[in-house]
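J.: Here's a structure for you.
The values are calculated or read from the model by the stated rules, or taken from the named source; none is laboratory data. Please read these numbers as outputs of a predicted model, since none were measured by experiment. With ideal geometry, Cβ positions are generated from the backbone for all residues, glycine too; neighbour counts draw on all protein chains shown. Side chains are part of the model used for accessible areas, which takes the heavy atoms of the whole protein and leaves out ligands, DNA and RNA. Shrake-Rupley method; radii C 1.70, N 1.55, O 1.52, S 1.80 Å.
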Amino acid sequence: MFTTAQCAELWRRYKAGESVDGIGRALGSVGSTVRRELQYTGGIAPAKRRRSARVLSLIEREEVSRGIAAGCTIRGIAKTLNRAPSTVSQEVSRHGGRGLYRAAEADLAAWKSARRPKLCLLAKNRELQRLVAVKLKEDWAPQQIAGWLKDEYPENTELRVSHETIYRSLFVQARGVLKRS
């Protein structure tokens, strides 16, 4: 894997027309590693990640952290940031609550969770994938499968999936998880 600076150099050199092996040598790597990076992105440099204006910035998260430390209410913190109280409340609860909230950790977690593309639920859970595939082979409808899973495994929320997710996994090429089953 390459660092951010190495990736920038890789794409600069690739765009300039250098050979894959030449880029690898310049980065202190081998051509196959460069080739893998190019294949992963389809030969197109990924767009620079940007934060949406709707999400909290690191500076705002630090203000939330300071407000919590000072004993301010969620509404008070939200008013200071000119944000909705629900935004601040969700932020704090999503990242450990009042007792464990840390701005830097919350910001890093938010960046990680915003990465795209995401694996769909059926791609992450092999047992769920198997259960759904068996029922589909028995000609069950996705709505029936979703209902059956909820009834059959009421305590295990990891073995639940919506019928929309099943349809998406069946018919969207990028997520064709159930085609392989």
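J.: Excluding residue 89 itself, what net charge comes from residues whose Cβ is under 11 Å from its Cβ, given Lys and Arg +1 and Asp and Glu -1?
T.: +3
J.: Hey, which aspartates and glutamates would be in cross-link range of residue 79, C-alpha to C-alpha under 19 Å, not counting anything within fewer than 8 residues on its own chain?
T.: Within the straight-line limit of under 19 Å, residue 79 reaches these aspartates and glutamates: 60, 62, 63, 91.
J.: Something else: State the extension gain, in nm to one decimal, for the chain segment bounded by residue 153 and residue 7, taking 0.36 nm per residue of separation less the distance between their alpha-carbons.
T.: Full extension of this stretch gives 48.0 nm more.
J.: Tell me, what is the per residue accessible area of the chain in Å², probe radius 1.4 Å?
T.: Dividing the accessible area of the chain by its residue count gives 69 Å².
J.: Still on this model: How would you rank 36-44, 56-64, 119-127, 92-100, highest first, on the average number of other Cβ atoms within 10 Å across their residues?
T.: The packing order, highest mean first, is 56-64, 119-127, 92-100, 36-44.
J.: Right, another one. Rounded to the nearest percent, how much of the accessible area of the chain (1.4 Å probe, protein heavy atoms only) is carbon and sulfur?
T.: 53
J.: Something else about it: Which of 52, 29, 86 ends up with the largest GNM mean-square fluctuation for the chain, with Cα atoms connected below 10 Å?
T.: Greatest mean-square fluctuation among the candidates belongs to 29.
J.: Tell me the net charge near residue 157. Cut-off is 15 Å between Cβ atoms, residue 157 excluded, with +1 for each Lys or Arg and -1 for each Asp or Glu.
T.: Within the 15 Å Cβ shell, the charges total -2.
J.: If you don't mind, there's one more thing I want to ask. Between [x] 1.11; [y] 1.25; [z] 0.93, which entry matches Rg/Rh (Cα atoms, Kirkwood Rh) as derived from the coordinates of this structure?
T.: Among [x] 1.11; [y] 1.25; [z] 0.93, the one calculated here is [x].
J.: How much solvent-accessible surface does residue 153 expose, in Å² to the nearest 10, with a 1.4 Å probe and all protein chains in place?
T.: Roll a 1.4 Å probe over it and residue 153 shows about 60 Å².
J.: Just to compare against my own numbers: the Cα pair-distance distribution for segment 33-112, 5 Å bins, whole % per bin, please.
T.: It works out to 3, 15, 24, 19, 10, 6, 6, 7, 6, 4, 1, in whole percents.
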